[in-house]
1. Being under 22 Å from GLU33 (Cα atoms) and among the small types (Gly, Ala, Ser) is the filter here, so list the residues in region 76-108 that pass it.
2. For the structure I just gave you, tell me whether VAL113 is buried (at least 19 other Cβ atoms within 10 Å of the Cβ) and in contact with a Leu (Cβ under 7 Å, 6 or more places away or on another chain).
3. Hey, could you check region 166-202 for residues that are polar (S, T, N, Q) and not in a loop (DSSP other than H, G, I, E, B) and say which is modelled with the lowest pLDDT?
4. Suppose we filter region 116-137 for residues that are over 15 Å from LEU170 (Cα atoms) and surrounded by fewer than 21 Cβ atoms within 10 Å (Cβ to Cβ); how many remain?
5. Please work out which residue is farthest from the chain's Cα centre (by Cα), limiting yourself to region 178-233 and to residues that are among the polar types (S, T, N, Q) and under 18 Å from GLY85 (Cα atoms).
6. Against the conditions (1) modelled with pLDDT of 95 or more; (2) surrounded by 15 or more Cβ atoms within 10 Å (Cβ to Cβ); (3) more than 20 Å from GLY200 (Cα to Cα), where does SER149 fall short? Just the number, please.
7. Tell me, yes or no, whether region 235-246 has at least one residue that is surrounded by 15 or more Cβ atoms within 10 Å (Cβ to Cβ), at pLDDT below 95, within 29 Å of ARG53 (Cβ to Cβ) and touching a helix residue (DSSP H, G or I) at 6+ places or on another chain (Cβ under 9 Å).
8. Restricting attention to region 91-110, report how many residues are buried (at least 16 other Cβ atoms within 10 Å of the Cβ) and either under 30 Å from ALA47 (Cβ atoms) or without any contact (Cβ under 8 Å) to a residue 60 or more places away in the chain (or both).
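The values are calculated or read from the model by the stated rules, or taken from the named source; none is laboratory data. For clarity, every value in this text was computed on a predicted model and none was experimentally measured. Here the Cβ positions follow ideal geometry from the backbone for every residue, glycine too, while neighbour counts run over all protein chains shown.
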Amino acid sequence: MRRKLALFILIALVLLVACQEQPTPIPPLPTVEPSITGLVVPDVDQATTDAIRQNMALFLKSNPYTEFEAGNQLLLYLVSSGEFGQAEITLGSGETYQADVLYAYSLMSSQRVLVAPVLVGLTLPGGRYAYFSEKYSFETEETVTTTRSDRETALADTQARLPRGRIFRLLAYGMTTRQGLDWKKCPSVSFYPPEICPVGTIVEQLFPNQTKTFVLRLADEFSPNWLLAGWVFQEFATEELVPGASIDVSLPESSQP
């Protein structure tokens, strides 16, 4: 009887020590759902719609996709609304970026006029700012880099170069297909900061095929908080227009506050 009691006490002590040696379980980190928030797309009135249709119809005939020996290119034409917005982009890793967008008018093949938020700047870690203007993205012939412009200077430059009604080009290069952007190739495109790659991947994850319908001019509408990432804008030179054409579309004043 005593042996059984002693054995029972020994087993109890071993179990107690084992329990005490178990490490305290670490609670799992909360899962962060990727998201894009904050964009408020302005409405398009009938007068603006009519002006865009009249002036931008000729660009529907252009082929946006071009293949070169050095890489492929997508080139599309839009009209600046002169209005800007901000989005907050949260990655699955928990990193958050503040994005600046220009709202631009885009004419679809159906003659529908839609407003597309174009990413023009991104606040990066350490206070850096990426400005997605071709004027500053290609600094030298030998080296392709992204501008180190600060946010205030970049936005002032965009406002001056793309006022309301200005026709401009939207260019994507190096990771393009006939239907959009291949974000798996993003790290190899040197004029993008590396931070744009996960941002663009999140855009495609949250809004599959949205960029595709934009490129093919087949969209009926754009999802709330979708934006165009992975492009740079460039001004449309007057000498490249047909004789008598203008780089500006005469638009009514914006009704937005």
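1. ALA87, GLY92, SER93, GLY94, ALA99
2. Answer is yes for this residue.
3. SER188
4. The total comes to 6.
5. Ranking the qualifying residues of region 178-233, first place goes to SER223.
6. Failing condition for SER149: (1).
7. Looking through region 235-246, at least one residue is surrounded by 15 or more Cβ atoms within 10 Å (Cβ to Cβ), at pLDDT below 95, within 29 Å of ARG53 (Cβ to Cβ) and touching a helix residue (DSSP H, G or I) at 6+ places or on another chain (Cβ under 9 Å).
8. 10
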